[in-house]
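*Asks:* Encoded as structure tokens, here's the structure I'll be asking about.
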Amino acid sequence: YIYGNITIQATVYSAGAYTITTRLRYCTSDIPNAVGDADSCSGTITAKPGFLLPPNIAVYDSTGYELDPGIEYTYTLSADRKTATFLKDEVNDDLIIEVIATPKIYNVTVNIYNGSYNSDPTIDPSEDLNLFLYPASGFQLPESIDIQVGGRTLTAGIDYQYERNTGEVN
């Protein structure tokens, strides 16, 4: 028999681990897929070749709340944007970490004298470079052309195709 007010006090804690889900596109990470209650979660994110990491990422808890960067977690991007570190202190909920790397953009420079070309001045590594060279009035296109990528001279017929009659370069 109980006569009077009763107060029950309990501290709830998680004895298990919280799930860490990484949704990565064009990059990899060594972020663990689970951490214990109040443990920190950290890891390195690495862009795949030809891609760069974004300036910001998205981190959500189990309710869909987006955590504040710099306040609730840190994401430190390297100067070359190829790697980054992630750190979340005292994890107390499941997390979803989303990182989408972007293609590295390369500049395209065409040096054509007495002629013109139709090309975008930039290209990403997931695209093929296709352009046309046009001779100026009274001129004709040369028998061959030279193409360099990153200081390396490409081989006609193997690394690229050039059609003098149409001016097409692939």
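*Asks:* Provide the convex hull volume over Cα atoms per residue for the range 26-74, in Å³.
*Replies:* Numbers: hull volume 4.8 nm³, N = 49.
Per residue, the Cα convex hull of the range 26-74 comes to 98 Å³.
*Asks:* Heavy atoms only, probe 1.4 Å: what % of the accessible area of the chain goes to carbon and sulfur, would you let me know? Intermediate results must be reported in sequence, preceding the final value.
*Replies:* Working: 5670 of 11770 Å².
Carbon and sulfur: 48 percent of the exposed surface of the chain.
*Asks:* Give me the dipole magnitude in Debye, nearest 20, for the range 25-101 about the Cα centre, with unit charges on the beta carbon: positive for Lys and Arg, negative for Asp and Glu.
*Replies:* On the way: 5 positive and 13 negative charges, 137 e Å.
Roughly 660 debye for the range 25-101.
*Asks:* Can you check how the C-alpha radius of gyration of the chain compares to 2.2 N^0.38 Å, as a plain ratio?
*Replies:* So the Cα radius of gyration is 1.78 times the expected 2.2 N^0.38 Å.
*Asks:* Chymotrypsin sites (Phe, Trp or Tyr not before Pro), restricted to the range 48-115: which are DSSP loop and have at most 13 other Cβ atoms within 10 Å?
*Replies:* Details: sites: 51, 60, 65, 73, 75, 86, 106, 113; in loops: 65, 113.
When the chymotrypsin sites (Phe, Trp or Tyr not before Pro) of the range 48-115 are filtered for loop state and at most 13 Cβ neighbours within 10 Å, 65, 113 remain.
*Asks:* Using the 2.2 N^0.38 Å rule of thumb for compact globular proteins, work out how the range 85-153 stacks up: its C-alpha Rg over that value, please.
*Replies:* Expressed relative to 2.2 N^0.38 Å, the Cα Rg reads 1.99.
*Asks:* Given a 1.4 Å probe, how much area per residue of the range 50-161 is accessible, in Å²?
*Replies:* Numbers: 7330 Å² over 112 residues.
That works out to 65 Å² per residue.
The values are calculated or read from the model by the stated rules, or taken from the named source; none is laboratory data. What you are looking at is a predicted structure, and each value in this text was computed from that prediction instead of being measured. Positions of Cβ are generated from backbone atoms using ideal geometry, with glycine treated the same way; all protein chains shown enter the neighbour counts. Surface accessibility is based on the protein's heavy atoms, side chains included, excluding ligands, DNA and RNA. Shrake-Rupley method; radii C 1.70, N 1.55, O 1.52, S 1.80 Å.
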